[in-house]
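Let me begin by presenting the structure, written as structure tokens, before commenting on it.
The values are calculated or read from the model by the stated rules, or taken from the named source; none is laboratory data. Note that this is a predicted model, so its numbers are computed, not measured. Neighbour counts run over all protein chains shown; Cβ positions are idealised from the backbone, glycine included. Keep in mind that these areas ignore ligands, DNA and RNA; they rest on the heavy atoms of the full protein, side chains included. Shrake-Rupley method; radii C 1.70, N 1.55, O 1.52, S 1.80 Å.
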Amino acid sequence: MARLDLDFVRNQFPAFAETSLQGQAFFDNAGGSYACKQVIEQLSRYYRETKLQPYGAHPASERAGQEMDFSHAELGRYLGVASEEVHLGPSTSQNTYVLAQAFANRLMPGDEVIVTNQDHEANTGVWRKLAKQGVVVREWCVDAATGSLELSQLKALLSDKTKVVAFPHCSNILGEINPVKEICDIAHAAGAWTVVDGVSYAGHGLPDVQALGTDIYLFSLYKTFGPHLGVMVIRRPLMDYLGNQAHYFNSAHLAKWFVPAGPDHAQVAAASGVIAYLDSVYAHHFSGEAKEQSQAKVRELFRSAEQALLPELLDFCSQDSRVRLLGPATSDQRAATISLQTLNAPPRDISKHLASKGIIAGAGHFYAVRLLEALDVDPDQGVLRLSFVHYTAPAEIQQLITALDECL
């Protein structure tokens, strides 16, 4: 297996050459990653050359539309789905709202929806609101000690009335990666659709949605090195079942069905830059090899780089009596997102102290209030969250541990 060329990777991100950010170690990637140069350049070029209504007769207008279509096609290629199954909305929260409203038109009183209390509120609150119209909402609860979701609990909740099962690919607090394929198989066997929130997973490697077997997959491009857009993949059978949610006269344009507000043209066009970056990583590390396996190889490359850095940080956090580590203490089933309940000072105070030492980290409840309550953590205090991705350097892990030890 090839090793990640960190110098090459970091050269693809202008933030690492930005004078104002020199000496700053970035550990708030779960809140939003740095943007790669391919996205920044495409966004800048769009605003300079094609910032007008797309799909018109003028060559610049035609090009604008072509670049938007190209982003749909490239995202579809990388995710293993058709381009018309890729819907680009303003955010994942907005996308799930539109999705839930689409289901609201199809579900009947007495139909059941299963949600978890491990999710970001975007993938739980919109479904819970359907209770007002008679939908029965059942909660798949985490283990109060570990925060994990047990498959036996899901199986006990399923019935012939279950229509939707919504759950996260990865918790944005625990970092724990859930067995998506297995959960989807269980839900489908009961006749339910599946909705997977991949926001906290996708930054560690865009998944093969086809292989996961889910009906809907959601993630945020601004957490995967791109512009501030939400990606919602809806497989075609479910699209046809839910129907067009946008203007009736756009019914022939399938990628518009679940974006009723209309997309941000420039950001949609720039979204293909994310895939251009991932392809450049593949070309640099696997020159001359068949491109058919590029997605899987890049995912493995990223995960290997993160896994090499996780154990030392996890060891420090799990052994320090001044913090409570939430989620798995080992790296094999988690992403590079670590949340700590700080026992001697509020997390926000620790975050401010870390900032003074050149560490960019987040603190709060991160829209996972229900999970924190289940784990007996005060959401008003929240947690200190330390999140990194493949472009993080080993020296930055050392910088973080040293600063964290001093600040705690």
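For the reader, a short list of remarks on this structure follows.
- Of residues in region 325-340 being touching a residue at least 40 places away in the same chain (Cβ under 8 Å) and out of contact with any helix residue (DSSP H, G or I) (no Cβ under 7 Å at 6 or more places or on another chain), the one farthest from A403 (Cα to Cα): Q333
- In region 380-401, the qualifying residues are those that are within 18 Å of T337 (Cα to Cα) and free of Cβ contacts under 8 Å to residues at least 24 places away in the same chain, and the one that is surrounded by the most Cβ atoms within 10 Å (Cβ to Cβ) is Q398.
- Residue within region 251-262 that is closer than 20 Å to Q101 by Cβ and among the β-branched types (V, I, T) present: yes
- Region 372-408: number of residues that are small (G, A, S), closer than 14 Å to A361 by Cα and assigned to a loop (DSSP other than H, G, I, E, B): 1
- Residue ID - farthest from L400 (Cα to Cα), chosen from residues in region 341-358 that are open to solvent by less than 40 Å² (accessible area, probe 1.4 Å) and in contact with a helix residue (DSSP H, G or I) (Cβ under 6 Å, 6 or more places away or on another chain): T342
- Condition check for V81: assigned to a loop (DSSP other than H, G, I, E, B), of a type in the set (V, I, T) and surrounded by 14 or more Cβ atoms within 10 Å (Cβ to Cβ): yes
- Pairs linking a residue in region 41-52 that is under 22 Å from Q12 (Cβ atoms) and in contact (Cβ under 8 Å) with a residue 24 or more places away in the chain to a residue that is of a type in the set (A, V, I, L, M) and part of a loop (DSSP other than H, G, I, E, B), with Cβ atoms under 9 Å and 6 or more positions apart or on different chains, are Q42/A271; L43/A35.
- When A202 is tested against the conditions (1) in contact with a Phe, Trp or Tyr (Cβ under 6 Å, 6 or more places away or on another chain); (2) of a type in the set (G, A, S); (3) open to solvent by 10 Å² or more (accessible area, probe 1.4 Å), the lone failure is (3).
- Odd one out for P237, checked against (1) open to solvent by 20 Å² or more (accessible area, probe 1.4 Å); (2) at pLDDT below 95: (2)
- S93 being part of a helix (DSSP H, G or I), within 24 Å of the chain's Cα centre (by Cα) and among the polar types (S, T, N, Q): yes
- Checklist (1) buried (at least 24 other Cβ atoms within 10 Å of the Cβ); (2) within 16 Å of the chain's Cα centre (by Cα) applied to V180, failing item: (1)
- Any strands (runs of 3 or more DSSP E) falling wholly within region 278-365 and containing at least 1 residues that are among the charged types (D, E, K, R): 323-326
- One residue alone among S159, S152 is over 24 Å from K256 (Cα atoms), among the hydroxyl-bearing types (S, T, Y) and not in a loop (DSSP other than H, G, I, E, B), and that residue is S152.
- Taken together, G76, G110, G65 contain a single residue that is modelled with pLDDT of 95 or more and assigned to a loop (DSSP other than H, G, I, E, B), which is G110.
- Scanning region 25-45 for residues that are more than 24 Å from the chain's Cα centre (by Cα) and open to solvent by 60 Å² or more (accessible area, probe 1.4 Å) gives a single hit, R45.
- Filter result for the condition that a residue is among the acidic types (D, E), over 24 Å from F366 (Cβ atoms) and without any contact (Cβ under 8 Å) to a residue 40 or more places away in the chain, over E139, E150, E182: E182
- Test: residue in region 326-339 that is open to solvent by 20 Å² or more (accessible area, probe 1.4 Å) and of a type in the set (V, I, T): yes
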